[in-house]
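Please read the structure below before turning to the comments.
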Amino acid sequence: MIDPFTYLANPARVIFGRGTLSQVNDELKALGIDRPLVLSTPFQEDAAREAIEQAGLAPAGLFPGAAMHTPVSVTETALARYEEQDADGIVSFGGGSTIGLGKAIALRNDAPQLVIPTTYAGSEMTAIVGQTESGRKETQSTLKVLPETVIYDVDLTLTLPREMSVTSGMNAIAHAVEAMYAQNANPILSLLAEEGIRALAGALETIANGKTDDIGARTDALYGAWLCATCLGLGGVALHHKLCHVLGGSFDLPHAETHTIVLPHALAYNAPSVPEAMERLKRASGSENPAGHFFDIAKQAGVAVALEALNMPRDGIERAVDITLENPYFNPRPLERAPLVDLITAAFEGSRPQ
Ligand code: NAD
């Protein structure tokens, strides 16, 4: 029987497929944008120029200065460029860093955004913007920053390296996993989460084996990443996200890699308390041990499976447990010190969860 629930949806127009870049002009027209400012990172400047040419765009300009964690100084420079060039909308071409810059501009001037994601990070489906100033990252949530239109073009993801594909994909899977048992879980989000994990985890197995140009796998991966991103935009979080925030913040660990290492262990901890989610995860992963399955995909891709490999100190294990217990998030299984020490020790050493 279904328990009572509240369901929320974010408005979004999504175009999905191969070669969808050719639809950018029509989609800009539909948004009333004549002179977009195109955003990218310095690394993707050439790819962005190529995309502009391929799509037959006549932009107000290209700002190839997007950086990790959306520094406010970069946003101010981009905003000045937007005004100087009399732009009337944004095209974000890239991953979470570029999309974050577009959101930060929209936060200030309500510019309409068309986003063309090229990673699996999922920022395009959320109304969240994180910004960094004087070394501090602050996050806020407002529909003002939610992109109006998202164009997923599978062809643009073929260049994403194997390791980054797997870690950012695992990060996306972690959002879907926790959405199934977070405090605001509901049956619609659980459907999206199960389908997103099925498509993405299956595709990551192929990509982890080095077949980074397998069109079928890339298509399924991007489709799954979109659904998992929707879970991130609408769902809640639990122990896994708490641990990643604590570990990332306390020991300056890289975001997607930390999620990839912690997910199997956080899931193994919660498994006895979330039987329905575990049934969904077994179906989605095609394995009786979904936690072990996620661990195997990471190992196969050659990415780090132990926090030790990210240079976390061993004496940080107890400290991480202390911080986690000081101000815990909601979690379906009560948080207890001894099993939490075991969990982080297993993640530190990189042992496969049973
Ligand atoms: P990223 O955008 O920083 O990209 C990493 C590097 O990969 C960049 O140099 C980029 O140019 C390059 N790259 C991107 N796509 C490529 C491709 N197809 N081929 C080759 N290289 C490519 O990384 P990310 O993981 O997409 O995003 C991480 C950032 O996004 C973090 O700051 C995170 O906090 C943020 N984020 C925010 C939200 C949100 O809801 N606000 C959600 C997820 C992530």
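Readers should treat all values here as calculations from the given coordinates under stated rules, not as data from a laboratory. Everything numeric in this text was worked out from a predicted model, so none of it was measured. We place every Cβ from the backbone using ideal geometry, glycine too, and count neighbours over all the protein chains shown.
Note on the chain: Cα-only Rg and Dmax are 20.0, 60 Å. With both residues required to sit in the chain, DSSP beta bridges show an antiparallel share near 25%.
Within the chain, helices built from complete DSSP H runs that reach 27 Å or longer along their own axis (Cα positions) and carry a mean Kyte-Doolittle hydropathy of -0.5 or higher are 187-208, 215-234. Once both labels are positioned 7 Å from their Cα atoms along Cα-to-Cβ, the gap between T345 and D86 label points is 6.8 nm. A dipole drawn for the chain from +1 and -1 charges on Cβ atoms has a positive end, and of L28, S92, A347 the residue lying farthest that way is A347. Looking at the chain as a GNM with Cα springs under 10 Å, which of A201, A304, A172 has the largest mean-square fluctuation? Among A201, A304, A172, the largest mean-square fluctuation in the Gaussian network model of the chain belongs to A304.
Computed per residue of the chain from DSSP H runs no shorter than four, each worth -39500 (n - 2.57), the mean residue ellipticity at 222 nm is -16500 deg cm²/dmol. When every alpha-carbon pair in segment 214-354 is counted, what percent end up more than 18 Å apart? The proportion of pairs with Cα distances above 18 Å equals 57 percent.
When Rg and Dmax are taken over the Cα atoms of segment 38-89, they come to 11.3, 31 Å. Sorted fewest first by neighbouring Cβ atoms within 10 angstrom, R162, R283 come out as R283, R162. Rounded to the nearest 20 debye, the dipole magnitude of segment 1-134 is 220 debye, with +1 charges on Lys and Arg beta carbons, -1 on Asp and Glu beta carbons, and the Cα centre as origin. Using the Cβ-Cβ distance between D252 and Q183 with R0 = 30 Å, the FRET efficiency computed as 1/(1 + (r/R0)^6) comes to roughly 0.55. Take the Cβ atoms of F5 and S287, set R0 to 25 Å, and the FRET efficiency comes out at 0.35. Would you mind pulling out the separation of the Cα centroids of segment 81-117 and segment 186-238, in Å? Their Cα centres are 26 Å away from one another. For the chain, the tally of Lys pairs with Cα-Cα distances below 23 Å comes to 7, considering only residues 8 or more apart or on different chains. Multiplying the residue separation of R337 and D214 by 0.36 nm and removing their Cα-Cα distance gives an extension gain of 39.9 nm. Here segment 109-257 has an Rg and Dmax of 15.4, 44 Å, counting Cα atoms alone.
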